[in-house]
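What follows is a single structure, written as structure tokens, with notes after it.
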Amino acid sequence: MALVSIRSVNKVYDGNVHAVKDVSLEIRDKEFMVFVGPSGCGKTTTLRMVAGLESITSGDIVIGDTVVNQLPPMDRDIAMVFQNYALYPHMSVFHNMAFGLKMRKFEKPEIDKRVRDAAAILGIETLLDRKPRQLSGGQRQRVALGRAIVRHPQVFLFDEPLSNLDAKLRVQMRVELKKLHERLGTTAIYVTHDQVEAMTLGDRVVVMKDGIVQQVGEPLELYNTPANKFVAGFIGSPAMNFADVTLAESGGRLWAEAQGLRIGLPDPIARRANGRNGAHATLGIRPEDIHLASPTDADDLCFEAEVEVIEQLGSEIVLDTRVGRSAFVASVDPSLRMKVHDRLKLAMNPARLHLFDAGSEAAI
Amino acid sequence: MAVTAVSGPVARPTPRLRRMEDERWLAFALLVPTAVLLGLFIAYPFIEGVLLSLNSTRVGVKGDFVGLKNFDKIWNDSIFRTSVWNTFWYTGVTTVFKLALGLWLAMLLNRHFKGKALVRAFILLPFIIPTVLSTFAWKWMFDPTFSVINWTLFQLGFITQRINWLGDPDLAMTSIIIVNVWRGVPFFAISLLAGLQTISPELQEAAAIDGARPWQRFWHVTWPLLLPVTMVVVLFSVIQTFADFQLVYVMTGGGPANATHLFATYAYQLGIGTGLLSEGAAVSLAMFPFLFLIVVVQLLYIRRVETR
């Protein structure tokens, strides 16, 4: 068990592809840290640098209290679960799990005990004599986990371990991973491109884009107060709505205006946006923070929208609507009845409005 | 009326059509060309060869049935015994070197470096050039008077006298082994490289994290996964080398003093060179049980490896 410290780490490939840019992070002892971002964002490269599979161009990586920059993977006391499981196809499940212990010259009885303990935790005791090709995707995933946990490493590294499983199994394995982490308490770094996985698994989540850390925080922190437009759009499903607006002062208040839209900005945002009269900005609001307007809703938070698509999900209705040149997705009460091309009056939850700078895209 | 006209042929196919639909006939028709070709060019010559070896036929003389007399004769023939030993030695030594060098080259080529595609293409050259042509070039290099090898060794001060590469029995054998290895390594290298490329690099990384050192990664991961490909490549190579003809024929013609004869070259010399067709047939048939055994053993092994 250990903390992992990534200090001003850079990765440059072939002298010109700057894959990871000045990443600094502290991963606390026993923490489950998730790296999330679109493909090519540098999350896997960062993980591979921690593993020692990729060299570090500059900066330091510390595991426990050792700088591991120059250490080969085997001396870093880490275990990794690969996207394609990377099970040795010619070895039985038992030998796959025992390989790392054998290489480290553990005694036979100890190997046997550890493998059987891990197999019991993962529910694969009956599969120990099988070859990987005789296993289903979920079983292979468990063996790959087993191979990692028998070693009792300081840190677990996961490289998109669930992305090859079907949707149902993925949800199930996600829950099991969470339980496993609670049980073992080993520091874990988990890479995924799936924001749902990130939100459900992570104690904290790192959002990356183009090799740069966009934001680090607990899942709800990212959801409630995204640092910029990218994080706001990446976290949450369906994704946050964005509308290009012009800020205008009138009657002592600040308004966000676009074609067919005039929203009175509530106080905290208005204060932060002070002095931006006439500036362009992006207004953000999540689908679940838009509802059908009722008489109690203030007029300056309402807008009229035309329904374009209705998606009935049972627990909610997702509406694709159009307001002037902007599109808004709203998640509304499933008991409501409406038709395509209906014009509805919708209202925004003022506490949940977001405003982003048009240029830097940083939250205002 | 219109309805019966349309459905008529479907309901009642003509006899010829019905025969076409019978799968046994179709299977037979599809098999005939292959069967004829195999029969004409493999089965017939083989049987004819067996009959010839039981005869006393020579060039120009129609012989009589003599039973196993030809085999008895070659069994007591010291040149035949040398040829048998030579063939095994030649096949064994070249296969070991081809495998070792081929594997080494394949591992090198499996790394990333600039100009990888070009180097891979160049590696194949010895394999692409017609054997007879490249062997003539080698013969020139081993020539006692004009040998570039001798010249180089002499200039570097390693030797003071010419080495008679193809004139000394042991050196002649070594020389043809060198040429065979040179010619055969590309096939091993490229085939094994193809095999290496099917092994996921993630396995190497997983093994590295598991604590395996480079040679342990090779021994515990790469080698076992490459074994099926290796066995097939070795099988092909052994069959080809065992029955090799052109290399020895061009380089030494079986000499000096019959020291480098293989099954095939000796069979040719007896049968065509000397005109003893039946004895030549007996020599080349004597190759059959050995090859058969090698193939059976290797195929059984490959099957075991693959079902493992």
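The values are calculated or read from the model by the stated rules, or taken from the named source; none is laboratory data. From a predicted model like this one, the values you see are computed outputs, not experimental measurements. Cβ: placed from backbone, ideal geometry, glycine included. Neighbour counts: every protein chain shown. Ligands, DNA and RNA are excluded from the accessible area calculation, which covers all protein heavy atoms including side chains. Shrake-Rupley method; radii C 1.70, N 1.55, O 1.52, S 1.80 Å.
Identify all residues within segment B:125-148 that are in contact with a Phe, Trp or Tyr (Cβ under 7 Å, 6 or more places away or on another chain) and crowded, with 16+ Cβ neighbours inside 10 Å; write none if there are none.
B:126, B:127, B:142, B:147
Considering every residue within segment A:309-331, establish whether at least one is outside any helix (DSSP H, G or I), in contact with a Ser or Thr (Cβ under 6 Å, 6 or more places away or on another chain) and of a type in the set (Phe, Trp, Tyr).
yes
Which of the residues spanning segment A:224-238 are surrounded by fewer than 22 Cβ atoms within 10 Å (Cβ to Cβ) and either free of Cβ contacts under 8 Å to residues at least 60 places away in the same chain or out of contact with any strand residue (DSSP E or B) (no Cβ under 8 Å at 6 or more places or on another chain) (or both)?
A:224, A:233, A:236, A:237
Which residue is farthest from residue A:240 (Cα to Cα), if the candidates are limited to segment A:186-217 and must be acidic (Asp, Glu) and under 9 Å from the mean Cα position of the chain (by Cα)?
Per the stated criteria, the residue is A:197.
Which residue is farthest from the other protein chains (Cβ to nearest Cβ), if the candidates are limited to segment A:101-121 and must be open to solvent by less than 20 Å² (accessible area, probe 1.4 Å) and under 30 Å from the mean Cα position of the chain (by Cα)?
Filtering first and then ranking leaves A:119.
If I go through segment B:60-87 residue by residue, how many of them are within 28 Å of residue B:176 (Cβ to Cβ), surrounded by fewer than 14 Cβ atoms within 10 Å (Cβ to Cβ) and not basic (Lys, Arg)?
Going through segment B:60-87 one residue at a time, the tally reaches 4.
Let me spell it out: the conditions are (1) open to solvent by less than 10 Å² (accessible area, probe 1.4 Å); (2) closer than 30 Å to residue A:15 by Cβ; (3) of a type outside the set (A, V, I, L, M); (4) more than 10 Å from chain B (Cβ to nearest Cβ), and residue A:32 meets all of them except one. Which number is the exception?
If we test residue A:32 against (1) open to solvent by less than 10 Å² (accessible area, probe 1.4 Å); (2) closer than 30 Å to residue A:15 by Cβ; (3) of a type outside the set (A, V, I, L, M); (4) more than 10 Å from chain B (Cβ to nearest Cβ), just (2) comes out false.
Going by the conditions given, is residue A:221 open to solvent by 50 Å² or more (accessible area, probe 1.4 Å) and within 26 Å of residue A:158 (Cβ to Cβ)?
In short, yes.
Give the residues of segment A:54-86 that are among the β-branched types (Val, Ile, Thr) and at the interface with chain B (Cβ under 8 Å from one of its Cβ atoms), sorted by residue number.
A:78
For the condition free of Cβ contacts under 8 Å to residues at least 60 places away in the same chain and of a type in the set (Asp, Glu), what is the one hit in A:197, A:160, A:182?
From the options A:197, A:160, A:182, the qualifying one is A:182.
Given the criteria closer than 16 Å to residue A:189 by Cα and away from chain B (no Cβ under 11 Å), does residue A:44 qualify?
yes
Quick check on segment B:154-172. Is at least one of its residues crowded, with 21+ Cβ neighbours inside 10 Å and in a helix (DSSP H, G or I)?
yes
For residue A:96, indicate whether it is within 14 Å of chain B (Cβ to nearest Cβ) and part of a loop (DSSP other than H, G, I, E, B).
no
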